[in-house]
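The block underneath contains the structure these notes are about, expressed in structure tokens.
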Amino acid sequence: MRKFIQSGGVLLVALLIIASCKKEVRPLNLNLTAVGSLSLPANNTAVALAPATPASVDFQWSAANAADGDYVLYQIAFDKEGGDFSKPVYKTVSNGGGVETKITLAHKDLNKIANMAGIAASSTGKLKWTVLASKGTNVVTSSESRTIQLSRPAGFAEIPVDMYITGSATEGGTDITKAVKLKKNEEGVFEIYTSLKAGTYFLTDKPNDAGKKYYIDGGLIKEAGAPVTISADKKYKLTFDFNVATTSSVEIQSVGLWMSAYASEIGQLNYIGNSTWQIASLPIEFYQFSWGRDERYKFVVHTSAGIQYMGSSRGDNGPPAGQAASYFFLLPVTNDQWSNTYKFDPSADRHNVKVDVNFKTDGAYTHTVTTL
């Protein structure tokens, strides 16, 4: 009997819960009003885009109201100047995952949106924008829209992640799968120390036929054009800035090992390929001062744009033994006779050394010195 009563009690509780749940079921109210007004930026605001900077633009509007007082989700929509938002060129949710009545868009994002709307680089055009409020499947477009004028700089809306150089003038030759990767210095900026011979070259963001191809025309990077023609064998430092679509080509005339105590270059390195200069064997003799023998050195790169000293990030260095790999990293430094130098290992004194200067693109620029 007790088991029967307990079972009956459990059943009664279950029935009460079910009945209670049924009472809570109610249809979802999807009714809401449209966004009332747009507040920022003012209509016809003109913005000169600087996508390489952290600059941004704030967009704000008044709240829409849901009939049940529940949350409303917002999307900002952009269209061409004459568009009606039936097929906007771009939409995205507002701040806070769509619940806030504002959104902050970086210049680099607006630059991409302008590109989607057909506003070319180095030109000015207008976009319309409005706000969509939604609750469930009900989406209501604001009756108000505004125009924003965007001036795009030279450059690319979509900045490539990687960059390669290929062609008959390059060390990798015409086989695009052997294209030489460039070093990425910062977002959109790539460089390489390399040799170019008589022939042609172009750039690609992938070492295969599916990659986008880029060409140099009048010092500007473009997606259409003809490969660059090289007439003579030379060594170069090439720099490509996709943020502003500009290039720099500097001839590397020589690389020398500069010893502080002698205040002169004591040897010249030869280019051996793969962004590397080398002295196979160089006699070293430390300079005798009254206080001892001096072993400090750095490097001098002679270019068509002038002389660049390459040395240590530290103003004053100790001996190389036991130092981290970063001790040997190469950075642009001043021509000060004693500062930002390295020190030869004591074993190098009155012996020959092998010196390699490595401007390879797969890591920090660095060098090695091996006593022979």
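The values are calculated or read from the model by the stated rules, or taken from the named source; none is laboratory data. Note that this is a predicted model, so its numbers are computed, not measured. Using ideal geometry, Cβ is built from the backbone for each residue, glycine included, and neighbour counts are taken over all protein chains shown.
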(request) Only residues that are modelled with pLDDT of 85 or more and surrounded by fewer than 16 Cβ atoms within 10 Å (Cβ to Cβ): list them for the range 63-95, please. (result) A63, E81, G82, D84, S86, K87, K91, T92, N95
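State whether the residues of the range 263-271 include one that is modelled with pLDDT of 95 or more, under 38 Å from the mean Cα position of the chain (by Cα) and either assigned by TED's automatic domain parsing to the domain that holds V189 or β-branched (V, I, T) (or both). Before you say what the answer is, go through the steps one by one.
The initial filter retains those residues of the range 263-271 that are modelled with pLDDT of 95 or more, namely 263-271.
After this cut, where a residue has to be under 38 Å from the mean Cα position of the chain (by Cα) as well, the list is 265, 267-271.
Subset that is either assigned by TED's automatic domain parsing to the domain that holds V189 or β-branched (V, I, T) (or both): none.
So far as the range 263-271 goes, no, none of its residues is modelled with pLDDT of 95 or more, under 38 Å from the mean Cα position of the chain (by Cα) and either assigned by TED's automatic domain parsing to the domain that holds V189 or β-branched (V, I, T) (or both).
When you scan the range 144-235 for strands (runs of 3 or more DSSP E) that lie fully inside it, which ones turn up with 1 or more residues that are within 30 Å of F59 (Cα to Cα) and in the same structural domain as A46 (by TED's automatic domain parsing)? Break it down stepwise before answering.
Working: elements: 146-151, 164-166, 183-186, 189-196, 199-204, 213-217, 220-222, 228-230.
The qualifying strands (runs of 3 or more DSSP E) are 146-151.
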(message) Restricting to the range 236-257, count the residues that are part of a loop (DSSP other than H, G, I, E, B), under 18 Å from T166 (Cβ atoms) and in contact with a Leu (Cβ under 8 Å, 6 or more places away or on another chain).
(response) 0
(message) Looking at the range 274-300, I want the residues that are assigned by TED's automatic domain parsing to the domain that holds A348 and assigned to a strand (DSSP E or B) and have a partner that is surrounded by 18 or more Cβ atoms within 10 Å (Cβ to Cβ) and acidic (D, E) with Cβ atoms under 9 Å, at least 6 apart or on another chain. Which pairs are those?
(response) I284/E295; Y287/D294; Y287/E295; Q288/D294
(message) So in the range 315-345, with the set limited to residues that are in contact with a Phe, Trp or Tyr (Cβ under 7 Å, 6 or more places away or on another chain) and in a loop (DSSP other than H, G, I, E, B), which one is surrounded by the fewest Cβ atoms within 10 Å (Cβ to Cβ)?
(response) T334
(message) Suppose we filter the range 63-96 for residues that are part of a strand (DSSP E or B) and touching a residue at least 24 places away in the same chain (Cβ under 8 Å); how many remain?
(response) 11
(request) Looking only at the range 105-119, decide whether some residue is in contact with a strand residue (DSSP E or B) (Cβ under 9 Å, 6 or more places away or on another chain), in a strand (DSSP E or B) and under 15 Å from P51 (Cβ atoms). (result) yes
(request) Have a look at Y262, Y271 and point out the one that is within 30 Å of K343 (Cβ to Cβ), outside any strand (DSSP E or B) and in contact (Cβ under 8 Å) with a residue 12 or more places away in the chain. (result) Y262
